[in-house]
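This report concerns only the one structure given below.
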Amino acid sequence: MRNLLVAIAVSCLPTLAFASVCSKEGFAEASSSNQRIHQDIQTLSKQYVAICSWDYDMPRDKVCKLFTDKRSQLALINQVPLNTVLDNAEKAAEQWYSVHEACVSEGNKSNADLAFKGYEESFEVYTNLINEIDIRYKQTCQQQVEAKVEEYCD
């Protein structure tokens, strides 16, 4: 799971970028935003993997506690950490679009095209992240944790 999120982030974030202004500095700023969101995605991914992984050979009451703790951890991570990463990913995409608009208004077609490509790639990371978290963690993991709580807790 973690590898998939990391692969999505690494493969989709543009490495070359010149953001809010159509200049080398603007692209560097947008690239920096992408690097930060890449780190945020890795951190969030590690948290989800830790919560959604288990191997247990213990008494029933401890298994119950394990899964009730995991349910609480999922509830916490699905609030502030997830929303923060999603907000930052959306801002990174918006930053690229802002550079694109600045380049268009300056009549700099080649940089406008590069910035728009950065926007598309950054937006793809954002949408892939939403889909991955929704399918793999919120639907699959959350349901498995809830099922284990029902199975092991009286």
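The values are calculated or read from the model by the stated rules, or taken from the named source; none is laboratory data. Note that this is a predicted model, so its numbers are computed, not measured. Don't worry about glycine lacking a Cβ; one is built from the backbone with ideal geometry, like all the others, and counts go over all protein chains shown.
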key: Residue check, residue 98 surrounded by 16 or more Cβ atoms within 10 Å (Cβ to Cβ), at pLDDT 90 or above, in a helix (DSSP H, G or I) and of a type in the set (S, T, N, Q)   = yes
task = Please enumerate the residues belonging to segment 73-95 that are among the hydrophobic types (A, V, I, L, M, F, W, C), buried (at least 18 other Cβ atoms within 10 Å of the Cβ) and farther than 19 Å from residue 135 by Cβ.
result = 92, 93
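Every residue, every condition in (1) part of a helix (DSSP H, G or I); (2) of a type outside the set (Asp, Glu); (3) modelled with pLDDT of 85 or more, yes or no:
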| position | (1), (2), (3) |
| --- | --- |
| 14 | no, yes, no |
| 19 | no, yes, no |
| 29 | yes, no, yes |
| 37 | yes, yes, yes |
| 55 | no, no, no |
query = Within segment 26-57, which residues are aromatic (Phe, Trp, Tyr) and more than 19 Å from the chain's Cα centre (by Cα)?
reply = 27, 54, 56
inquiry  = Residue under question is residue 70, and the condition is that it be buried (at least 17 other Cβ atoms within 10 Å of the Cβ) and among the basic types (Lys, Arg); does it hold?
reply    = yes
Residues within segment 122-154 that are part of a helix (DSSP H, G or I), farther than 15 Å from residue 49 by Cα and among the charged types (D, E, K, R), tallied = 5
query = Is segment 129-144 home to any residue that is more than 17 Å from the chain's Cα centre (by Cα), closer than 30 Å to residue 67 by Cβ and buried (at least 17 other Cβ atoms within 10 Å of the Cβ)?
reply = yes
